[in-house]
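A.B. asks: Take this structure first; my questions come after.
Here, each number is a calculation from the coordinates, and none is a lab measurement. Note that the structure is a prediction, hence the values are computed from the model and not measured. With ideal geometry, Cβ positions are generated from the backbone for all residues, glycine too; neighbour counts draw on all protein chains shown.
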């Protein structure tokens, strides 16, 4: 199976050259001309390596790399920066990003693919990552001696500010942090992390020489998960780290399951609402917000009948949720019509299931709402059109049955035999008949009229014809 490579460069010539060199070397290559597109392709294709220019139009390559490192799907993909010059500060920035490297421009076309291949690790172990924070490097090194042999990856920070910076770049599984540090102490860092949705579930162990109950209460109030006293006991440290990492792993699995379920919900065309046993909204699909024009803050946690300023207080919906569902645990294809203040009259098809989140857990209600307003309008329009067509067909059939048929009294002159039409004009008989029927005429002379017109000449002509036939 061919390895995948992603090349990100806003210079079309460089992009084409690097792609060609890697394709010749056997890679399946994807290209992007800016960082945003590169991140999207990386998440979708999960390449074995990313080759990226440092200067991109929408963001620096290093910023794109940091964004990729925060995503579980892309955190371990090696990234190679191709850059004309890397100053000491740039090298430090690249080295601060895990599993990254660089090669200089202009590239050597003979060795480029080989250089890139060397950055691809054959096996990436998914080690738990622990951030150790202490203003004294010897304390960090002691904890490192205890933890590394157990298979943990260690990220170091010598201040609270640097710890926050490391967290913005590295995916961290657990934090071991000293309390007493200059500027920003362990309590303040803990409070900051626990107030951020992105970091609040990362377990924090405060390492402290403080033994006063007041200090421990302060740590608990800040949100820390456990304490270890100095001097650190190795067995206690490893036991607490292992316990909190297992808890973190369970939280991660729950989060992944929730994200997976929400991604499924959000891809369904129909609006979906999950209600708790008290009929309060737990979550809804994106399509619900789009169709009914409501906001998440006005929806989640609200009673379903209170949604949209009580627009969902629909008598038929009440009957379904409060009477039918408790008895049957399910209902299908119930049609409900309702006038909404914002979006007008809507026809909806409702389906619901009452189920348990897990064995012994509380009941939840899955309510699917399909807006069939346009479909109903189309069906009604088609039905109306069918009626109109049927009526028209009958009218046409009647016309076909009666058109060009001479009926009723026809005024005719007793002398010249002309016929009077509907407008009062007198017409020759053949003209009238042709106008009022499908008949056409071919003109000749009857024998009686021929004798009157041609006399003996007519009689002689007839005798000559008879002789020829004999």
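A.B. asks: From zero outward in steps of 10 Å, how is the percent of C-alpha pairs of region 4-118 spread across the bins?
C.D. replies: Here the calculated profile for region 4-118 is 15, 53, 31, 1.
A.B. asks: In the calculated pair distance distribution of region 129-258, what percentage of Cα-Cα distances lie above 17 Å?
C.D. replies: The answer is 54 percent, as a whole percent.
A.B. asks: Extension gain residue 446-residue 115, at 0.36 nm per residue separation less the Cα-Cα distance, in nm?
C.D. replies: Here the answer is 108.0 nm.
A.B. asks: Which whole number in µm²/s is D for region 268-371 by Stokes-Einstein, with the Kirkwood Rh taken over Cα pairs at 37 °C and 0.692 mPa s?
C.D. replies: 237 µm²/s
A.B. asks: Related question: What fraction of the DSSP beta bridges in the chain is antiparallel, stated in percent and rounded to the nearest 5?
C.D. replies: 50 percent
A.B. asks: Follow-up question, since we're still on this one. Rounded to the nearest 0.05, what FRET efficiency do residue 300 and residue 381 have when you use their Cβ-Cβ distance and R0 = 51 Å?
C.D. replies: The computed FRET efficiency comes out at 0.85.
A.B. asks: Antiparallel versus total DSSP beta bridges in region 1-81: what percent is that, nearest 5?
C.D. replies: 10 percent
A.B. asks: May I pose another question? By per-residue mean of other Cβ atoms within 10 Å, what is the highest-first order of 247-254, 171-178, 6-13?
C.D. replies: In descending order of packing, they fall as 171-178, 6-13, 247-254.
A.B. asks: Per the Cauchy relation, a quarter of the hull surface: what is the mean projected area of the convex hull of the alpha carbons in the chain, in nm²?
C.D. replies: If I average the Cα hull's projected area over directions, I get 53.7 nm².
A.B. asks: Which FRET efficiency value, to the nearest 0.05, is calculated for residue 342 and residue 198 with the Förster distance at 41 angstrom and r the Cβ-Cβ distance?
C.D. replies: In this case the efficiency is close to 0.75.
A.B. asks: Between the alpha-carbon centers of region 273-343 and region 154-208, tell me the distance in whole angstrom.
C.D. replies: Each part reduced to its Cα centre gives a spacing of 42 Å.
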